[in-house]
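The values are calculated or read from the model by the stated rules, or taken from the named source; none is laboratory data. Since the model is a prediction, treat every value here as computed from it, not as a measurement. Positions of Cβ are generated from backbone atoms using ideal geometry, with glycine treated the same way; all protein chains shown enter the neighbour counts. Keep in mind that these areas ignore ligands, DNA and RNA; they rest on the heavy atoms of the full protein, side chains included. Shrake-Rupley method; radii C 1.70, N 1.55, O 1.52, S 1.80 Å.
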Amino acid sequence: MLDRIREGSQSFIVKAILVLIALTFALAGIGGYITNQPEPSVAVVNGEEITRVEFDRAVENERARQQEQFGDFYATLAADPGFNRQLRQQVLDDLINQKLVEIYSRDAGLRVSDEQVKAAIREISAFQVAGQFDNTTYQMTLSGLGYTPDGFAELMRRDLARTQLLQAMVESEFTLPSEAAAVQRLVNQKRSGAYTTLELDKYIDAVEVADAELEQWYQENQQRFNVAEQVKVEFVQLDADVVAESVEIDERVVREWYDNNQSRYQTDDRYRFAHILIEGEGEAAEKEAQEVLTKLTEGADFAELAAEYSDDIFTAEAGGDLDFIEEGTMDPAFDEAAFALENIGDITGVVSTSFGYHIIKLTDIEEGSSTSFEEVRDEIVAEMRDSRVKQAYYELQQKVSALAFDIPDTLQPVAEETALTVRQSDWFNRDSAPTALNHPAVMEQLFNRDFIDEGLNSDLIEVNDKQAVVARVVDYKPASTKSLDEVRAQVLDNVRTEKAQAAAREDAEAMATQLRNGESLDVELIALEAIDRRNSEVPRAVVQSLFEQAVPAADSVQVAVTELNSGALAVVQLTDVMAGEVDDAMQAQMAEQLTNSFTQQSYGAFIEALREEADIEIRLDARGNTTE
């Protein structure tokens, strides 16, 4: 949500918030409202529960979003328990924030009209066909969720009220031209000065190190020489893409399949209907429907009567149009009466359904079509290949699993029976595993002490949808710490470097003092003339030091000592600061960036304030289980 707000406060951002915060969460959390039976809750916010159903659907929604974002790499992330814990916590925090904003909006008296609710529902992509709101899709989606139109509309009303508050927050932030200009002057600022470097080489040569110093440094830094536990592994890797290379599709089989399944490539005639709905079950509703039917038989216009009498608010204003619908998607009584009509313009009598009383008109018939073999040949081949690859890969998995289990102390029978190659790894730890084994589930198995001690083949471990491995630990080294004798040269190098840096810093600080006192140095300084923050010709640490120093007072200089990436030290002198120029062409962009930043800060502070004042009870443990 912050990412959306961060993008800016223009109108399209408001729309994004409307759709992504209100509508998406409405659909994601819809299950929490479809039943009157008590549901376990994952949190209680100011006395209002966030149900387990809401939470689970929101988690799945976030997983789907991340899977789309990360692609195949998501499978690796999802196998990590820590990743899943973090995802659940993020979703729970988002739902709590959402609930807090909803409560605040309601208490603030924010309201949404019926027309706003209708307009918002029409904009939900899940209810659209070819970019237009489709009433049949709308009814089917709600019916599949067990949700009534009135109940869903009420949920939307609450979500839109919350969105009003977020919209106001986004649009209330602004940046003054003077603020944008001031930031430009700061960002584009230039500074002058000079610097000199003190390389460590001349200091290192003069350093003397006693054995006692080596011992002390080693003891104080022993953790640097810890060696993680390591294993050597033999393994076989199963790869569906490799299996696919051996799968061939016979052209005759493709043609035969098409001939036997032509119904898949033919479309039946499609029928378009309009209707007038009178809601209710009593005599009054039926009588009203009969009166409307009488007016139709007397020649009244169907569309005008639909607009006047129909209780279906989404089709009434369109003359009752239901668009093209398929048999079996509506109420059985509706379907039976509608699809009995034969000619365009025919009208049924009053039809009683669970939704009320309908009068149905056949408005259009679209003839079916047929797709030729040539048009779908590649599609059929792809489906056949995919199916056969999956079957062949599954059979390979089963065969490998059985062989690895039957002869558990070697993988050679697996290689002999399947033509897979048994591979032997070098020593590796948890952070340096070969690519084929670098997966959380595989690492957990290979570094399990019981598994290591057994020395047997693992079960088949699926790395992703297309790859799996069976592995066996053939050798093991426990975690250890290298002795001083093993790392003496490294310790000596570190001690000498540290002592050299200390000596160099002492000289650097003395130089800095001289410069501050207006004294000259014995070394030549490298001049820095009006450089900006983006300068790449001067060492980065020098540029950073130059711009971190305070603006010098009149007739004085600022001096600082900084360390370079190489370990050398630099004495950096600041002598002059020049305000940056304001680029009129960049003013709008800078103002937008500042506004985005202000919006993000305001929203974060707003949520933090709500959470500090709220009574929040978490009923979800680290494993994702409810605790009530």
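Find out how many positive minus negative residues lie around Phe447, taking Lys and Arg as positive, Asp and Glu as negative, among other residues whose Cβ is under 15 Å from that of Phe447.
Residues close to Phe447 contribute a combined charge of -3.
Modelling each spin label as a point 7 Å along the Cα-to-Cβ direction, I'd like the Val247/Ala333 distance in nm, to one decimal.
Computed distance between label sites Val247 and Ala333 equals 5.0 nm.
Taking 0.36 nm per intervening residue step and subtracting the Cα-Cα distance, what contour gain separates Tyr394 from Asp406 on full extension?
That works out to 2.5 nm of additional length.
Read phi for every residue in the stretch 440-456 and hand back ³J(HN,Hα) as whole Hz from Karplus 6.51 cos²θ - 1.76 cosθ + 1.60, θ = phi - 60°, with x for Gly and Pro.
My calculation for the stretch 440-456 gives x, 5, 5, 4, 4, 6, 5, 9, 7, 4, 4, 5, 4, 5, 5, x, 9 Hz in order.
In a Debye calculation with equal point scatterers on the alpha-carbon sites of the stretch 168-291 and no solvent, what is log10 I(q)/I(0) at q = 0.23 Å⁻¹?
Debye curve over Cα of the stretch 168-291, log10 I(q)/I(0) at q = 0.23 Å⁻¹: -1.31.
Hey, can you find the accessible area per residue of the stretch 280-394 for me, probe 1.4 Å, expressed in square angstrom?
57 Å²
Would you mind checking the tilt of helix 373-406 against the longest principal axis of the Cα atoms of the chain, expressed as 0 to 90 degrees and rounded to 10?
That helix lies at roughly 60 degrees to the long axis.
How high is the relative contact order of the stretch 264-332, in percent, counting Cα pairs under 8 Å that sit 6 or more residues apart?
The normalised contact order for the stretch 264-332 reaches 43 percent.
Run the accessible area of the stretch 572-623 with a 1.4 Å probe and give the carbon-and-sulfur part as a rounded percent.
45 percent
Could you list which residues have their amide H under 5 Å from that of Ala43, counting only those 5 or more apart in sequence or on another chain, with H placed in the peptide plane?
HN-HN under 5 Å from Ala43: Ile50, Arg619.
How big, in percent, is the set of alpha carbon pairs in the stretch 240-332 lying more than 24 Å apart?
When every Cα pair of the stretch 240-332 is considered, 50 percent fall beyond 24 Å.
Between beta-carbons, use under 12 Å as the cut-off and find the net charge around Ala244, counting Lys and Arg +1, Asp and Glu -1.
Neighbour charge sum, excluding Ala244 itself: -1.
Can you give me the Kirkwood hydrodynamic radius for the stretch 75-213, using every pair of distinct Cα atoms, in Å to one decimal?
By the Kirkwood definition, the hydrodynamic radius is 22.1 Å.
Can you give me the angle between helix 251-260 and the longest principal axis of the chain, using Cα atoms only, in degrees from 0 to 90, rounded to the nearest 10?
40 degrees
For the stretch 532-579 and the stretch 135-183, what is the centre-to-centre distance using only Cα atoms, to the nearest Å?
What the calculation gives is 49 Å, centre to centre.
On average, how much area does the Cα convex hull of the stretch 39-119 cover when viewed from any direction, in nm²?
7.3 nm²
Take the solvent-accessible surface of the protein heavy atoms, probe 1.4 Å, and return the percent of it on the stretch 271-384 that carbon and sulfur atoms account for.
The computed percentage sits at 44.
Over the chain, calculate the relative contact order: mean separation of alpha carbon pairs under 8 Å at least 6 apart, over the residue count, as a percent.
26 percent
Whenever you get a sec, compute what percent of the accessible area on the stretch 202-253 sits on carbon and sulfur atoms (1.4 Å probe).
43 percent
If I stretch the segment between Arg122 and Phe225 completely, what's the gain in nm (0.36 nm per residue apart, minus their alpha carbon distance), one decimal?
30.7 nm
With labels modelled as points extended 7 Å from the Cα through the Cβ direction, what inter-label distance (nm, one decimal) is found for Asp431 paired with Ser113?
Placing both labels 7 Å along Cα→Cβ, they lie 6.2 nm apart.
Could you give me the radius of gyration and the Dmax of the chain, taking only the C-alpha atoms into account and expressing both in angstrom?
36.3, 115
Report, in deg cm²/dmol and to the nearest 500, the calculated mean residue ellipticity at 222 nm for the chain, where each DSSP H run with n ≥ 4 adds -39500 (n - 2.57) and the sum is divided by the residue count.
Computed ellipticity for the chain at 222 nm equals -15500 deg cm²/dmol.
Skip the ligands, DNA and RNA, and give the accessible area per residue of the stretch 403-491 with a 1.4 Å probe, whole Å².
For the stretch 403-491, the per-residue accessible area is 58 Å².
Per the Cauchy relation, a quarter of the hull surface: what is the mean projected area of the convex hull of the alpha carbons in the stretch 543-617, in nm²?
10.4 nm²
Each residue of the stretch 583-595 in order: what ³J(HN,Hα) in whole Hz does its phi give by Karplus 6.51 cos²θ - 1.76 cosθ + 1.60, θ = phi - 60°, with x for Gly and Pro?
Running phi through 6.51 cos²θ - 1.76 cosθ + 1.60 with θ = phi - 60° gives 8, 4, 5, 9, 4, 5, 5, 5, 4, 5, 4, 5, 4 Hz.
Past 25 Å, Cα to Cα, is the threshold; run Lys295/Lys361; Lys477/Lys499; Lys190/Lys499; Lys399/Lys466 against it and keep the listed order.
Checking Cα-Cα distances, Lys477/Lys499; Lys190/Lys499 exceed 25 Å.
Can you tell me how much longer the chain between Val551 and Asn494 gets when fully stretched, taken as 0.36 nm per residue apart minus their C-alpha distance, in nm with one decimal?
16.8 nm
Once you place label points 7 Å from the Cα toward the Cβ at Asp268 and Asp346, how far apart are they in nm?
1.5 nm
Given the peptides 272-283, 216-227, 168-179, 359-370, arrange them by the average over their residues of other C-beta atoms within 10 Å, most packed first.
The most tightly packed comes first, giving 272-283, 359-370, 168-179, 216-227.
Using only the Cα atoms of the stretch 482-615, each taken as one equal point scatterer with no solvent, compute I(q) by the Debye sum, divide by I(0), and report log10 of the ratio at q = 0.18 Å⁻¹.
Scattering profile of the stretch 482-615, log10 relative to I(0): -1.04.
In the neighborhood of Asp323, defined by Cβ-to-Cβ distances under 10 Å, what is the net charge if each Lys or Arg adds +1 and each Asp or Glu adds -1?
My count for the surroundings of Asp323 gives -1.
Once phi is turned into ³J(HN,Hα) by the Karplus curve 6.51 cos²θ - 1.76 cosθ + 1.60 with θ = phi - 60°, what whole-Hz value does each residue of the stretch 341-358 show in order, with x for glycine and proline?
Along the stretch 341-358, the couplings run 5, 10, 10, 4, x, 5, 10, 7, x, 6, 10, 8, 10, 5, 8, x, 10, 10 Hz.
What number comes out for accessible area per residue over the stretch 123-178 if the probe is 1.4 Å? Units Å², please.
Each residue of the stretch 123-178 exposes 48 Å² on average to a 1.4 Å probe.
Residues in the stretch 233-253 near a label at Arg385, defined as backbone nitrogen under 17 Å from the 7 Å Cα→Cβ point?
Flagged as within label range: 240-253.
If one takes the longest principal axis of the Cα atoms in the chain, at what angle in degrees, from 0 to 90 and to the nearest 10, does the Cα axis of helix 177-187 lie?
The two axes meet at around 40 degrees.
For the stretch 518-604, run through the trypsin sites (Lys or Arg not before Pro) and keep only the ones in DSSP coil with at most 10 other Cβ atoms within 10 Å of their Cβ.
Here the sparse-neighbourhood loop sites are Arg534.
Just to compare against my own numbers: the Cα pair-distance distribution for the stretch 256-392, 5 Å bins, whole % per bin, please.
2, 10, 16, 17, 13, 8, 6, 6, 7, 6, 4, 2, 1, 0
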